[in-house]
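Working notes for the structure below.
Just so it is clear, none of the values below were taken in a lab; they were calculated from the coordinates. This one's a predicted model, so the numbers in the text were calculated from it and none came from an experiment. Positions of Cβ are generated from backbone atoms using ideal geometry, with glycine treated the same way; all protein chains shown enter the neighbour counts.
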Amino acid sequence: MTRAASILLHAVLGVAAIAAGQAFARRPSGRDLGMDPRWLEGSPFPDFRIPGLFLLLVIAPANLLSALLLLRRHRGGPPLSLATGLLLVVWLAIQTAILGFRDRSQAIWWLLFPLVAVLGAAQLRARRGEADAR
């Protein structure tokens with residue numbers, strides 16, 4: 001159950017990061033995704049292009065690779081899943097520090113991203129338990 005949930009979450013988050021990342025890169029105002037460029041005033045970013053590229057080039061591949069490794073039962077799957085979950089939490093913390101709470105969807109991310117990390121940690125612990133039992 002934990003593995004299946006992780007695979008599903010990583011796959012969905014990876015595809016969503018591709019969609020959002022390319023939307024921000026293509027139209028950096030963020031308006032296509034309901035963002036207001038004024039939210040970035042005082043931030044290090046003039047628009048949403050750099051965050052979009054980070055979504056597209058870091059967040060999406062990390063999630064999709066995590067899903068693939070877990071699907072294949074590769075031994076690197078659980079540690080990468082945990083690392084990706086932690087990356088998502090850090091990403092969201094930075095985003096919230098810069099933008100503040102601007103949309104209800106952020107509450108969903110604050111539930112899902114730590115869940116990804118917890119599921120990754122649980123799988124890593126289970127794998128270590130199996131290794132100790134041998």
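Given the criteria among the polar types (S, T, N, Q), surrounded by fewer than 18 Cβ atoms within 10 Å (Cβ to Cβ) and free of Cβ contacts under 8 Å to residues at least 12 places away in the same chain, does Ser29 qualify? I'd like the intermediate steps shown before the answer.
Working: among the polar types (S, T, N, Q): yes; surrounded by fewer than 18 Cβ atoms within 10 Å (Cβ to Cβ): yes; free of Cβ contacts under 8 Å to residues at least 12 places away in the same chain: no.
When the stated conditions are applied, Ser29 does not pass them.
Could you figure out which of (1) surrounded by 13 or more Cβ atoms within 10 Å (Cβ to Cβ); (2) among the hydrophobic types (A, V, I, L, M, F, W, C); (3) more than 16 Å from Leu68 (Cβ to Cβ) isn't true of Met1?
Looking at each condition in turn, Met1 falls short on (1).
Can you name every residue in the stretch 84-120 that is surrounded by fewer than 16 Cβ atoms within 10 Å (Cβ to Cβ) and of a type in the set (Gly, Ala, Ser)?
Ala93, Ala97, Gly100, Ser105, Ala107
Just one of Ile50, Ile108, Ile59, Ile18 is of a type in the set (A, V, I, L, M, F, W, C) and out of contact with any helix residue (DSSP H, G or I) (no Cβ under 9 Å at 6 or more places or on another chain); which is it? Spell out the reasoning first.
Numbers: Ile50 fails: out of contact with any helix residue (DSSP H, G or I) (no Cβ under 9 Å at 6 or more places or on another chain); Ile59 fails: out of contact with any helix residue (DSSP H, G or I) (no Cβ under 9 Å at 6 or more places or on another chain); Ile18 fails: out of contact with any helix residue (DSSP H, G or I) (no Cβ under 9 Å at 6 or more places or on another chain).
Of the residues listed, the single one that is of a type in the set (A, V, I, L, M, F, W, C) and out of contact with any helix residue (DSSP H, G or I) (no Cβ under 9 Å at 6 or more places or on another chain) is Ile108.
Go through the stretch 10-46 and report how many residues are part of a helix (DSSP H, G or I) and of a type in the set (Asp, Glu). Full working, then the answer.
First, pick out the residues of the stretch 10-46 that are part of a helix (DSSP H, G or I): 10-26, 31-33, 37-40.
If we keep only those that are of a type in the set (Asp, Glu) too, we end up with 32.
Residues flagged as part of a helix (DSSP H, G or I) and of a type in the set (Asp, Glu) within the stretch 10-46 amount to 1.
Kindly evaluate Leu40 against the criterion of being within 17 Å of the chain's Cα centre (by Cα) and crowded, with 16+ Cβ neighbours inside 10 Å. Please lay out each step first, then the result.
Numbers: within 17 Å of the chain's Cα centre (by Cα): no; crowded, with 16+ Cβ neighbours inside 10 Å: yes.
Considered against the rule, which asks whether it is within 17 Å of the chain's Cα centre (by Cα) and crowded, with 16+ Cβ neighbours inside 10 Å, Leu40 comes out as no.
Given the criteria among the small types (Gly, Ala, Ser), surrounded by 12 or more Cβ atoms within 10 Å (Cβ to Cβ) and more than 27 Å from Arg26 (Cβ to Cβ), does Gly76 qualify?
Working: among the small types (Gly, Ala, Ser): yes; surrounded by 12 or more Cβ atoms within 10 Å (Cβ to Cβ): yes; more than 27 Å from Arg26 (Cβ to Cβ): yes.
It is true that Gly76 is among the small types (Gly, Ala, Ser), surrounded by 12 or more Cβ atoms within 10 Å (Cβ to Cβ) and more than 27 Å from Arg26 (Cβ to Cβ).
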